[in-house]
1. Rounded to the nearest 20 Debye, what is the dipole magnitude of the range 1-157 about its Cα centre when Lys and Arg each give +1 and Asp and Glu each give -1 at the C-beta?
2. Between 0 and 90 degrees, rounded to the nearest ten: what's the tilt of helix 74-86 against the longest Cα principal axis of the chain?
3. Can you give me the solvent accessible area of ASP101 with a 1.4 Å probe, rounded to the nearest 10 Å²?
4. Taking only Cα atoms and a 10 Å spring cutoff, compute GNM fluctuations for the chain and point out the largest among LEU104, LEU139, LEU48.
5. In percent, what relative contact order does the chain have, based on Cα pairs under 8 Å that are 6 or more apart in sequence?
6. At 37 °C and 0.692 mPa s, what whole-number value in µm²/s does Stokes-Einstein give for the translational diffusion of the range 6-100, with Rh from the Kirkwood sum over Cα pairs?
7. Can you pull the percent of the range 69-168's accessible area that's carbon plus sulfur, 1.4 Å probe, other chains left in place?
8. Run through all the Cα pairs of the chain and give the fraction in each 5 Å bin from 0, expressed as whole percent.
Amino acid sequence: VNPATGALITPLVPVSTPDQVAEAITIANRTQQTTWSALPLPKRIELLREGVANIEGIREELIATITKEMGKVTAESTDEVDAAIGLKRKWLNMVQEANEDERLGDGTSESVIVRDPLGVVVVISPWNFPAGEIPLLALPALAAGNAVIVKPSEVTPLTGALLTNAIAKALPVGTLQLLQGDGVVGEQLVSSPDVHMVAMTGSSATGKKIMEKCAKNLKRIVL
């Protein structure tokens with residue numbers, strides 16, 4: 001519902017079914033293990049830059065959709081979208097540097113710190129920054145060689161779909177996927193033993209629920 005007018009926003013977005021959630025997790029694990037993590041870090045960063053650049057092609061549509069779905073004035077929606085587009089420059093350089101092998105030594109011996117991917121990362125994004133938070137959570141996970149499944153807030157599903165699909169077009173199929181729904185879909189994702197990390201921006205109450213689910217098998221979380 002448009003918060004400014006009370007009008008129903010179309011097209012309506014179907015909620016992902018339990019079977020679709022399970023299938024997405026399976027695809028993510030297969031893609032991560034066989035395709036995405038096998039690419040060298042510079043190539044992954046190159047493809048991610050292309051994905052972020054794709055957002056420029058939907059800039060005006062994305063700005064309008066944010067304002068329609070969650071009620072930001074156009075100037076604030078514009079700032080949010082332009083900030084997301086700007087991540088393709090210095091910010092992705094920093095992400096690449098953080099994932100590079102680190103060599104330590106004193107001249108007589110040498111150790112190498114290698115950062116391996118975890119597997120599948122679920123990103124749960126909030127309604128109030130529907131375009132800004134998805135890339136901040138998803139791009140570092142992708143750069144590290146993980147596959148990512150994004151579940152946008154059920155309040156802003158069209159914004160989440162526009163942005164996620166724009167980035168996904170530049171990546172191997174199955175590397176970045178989109179699921180839609182409320183906490184029921186989120187709970188299935190978070191509870192799956194085949195999901196290896198959860199990154200969420202949202203309320204403290206939701207964060208506590210996610211932490212409780214992840215604690216059962218010490219699943220890594222970023223809240």
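1. In debye, rounded to 20, the range 1-157 gives about 180.
2. The angle comes out at about 20 degrees.
3. 90 Å²
4. Result: LEU104 has the largest fluctuation of those listed.
5. Working: 378 pairs, mean separation 59.6, N = 223.
Once normalised by length, the contact order is 27 percent.
6. In µm²/s, the coefficient rounds to 202.
7. 53 percent
8. 1, 7, 15, 18, 19, 16, 12, 6, 3, 2, 1, 0, 0, 0, 0
The values are calculated or read from the model by the stated rules, or taken from the named source; none is laboratory data. Computed from a predicted model, the values in this text were never measured in an experiment. Here Cβ is always computed from backbone atoms with ideal geometry, including for glycine, and neighbour counts include all displayed protein chains. Note: areas computed on protein heavy atoms with side chains; ligands, DNA, RNA excluded. Shrake-Rupley method; radii C 1.70, N 1.55, O 1.52, S 1.80 Å.
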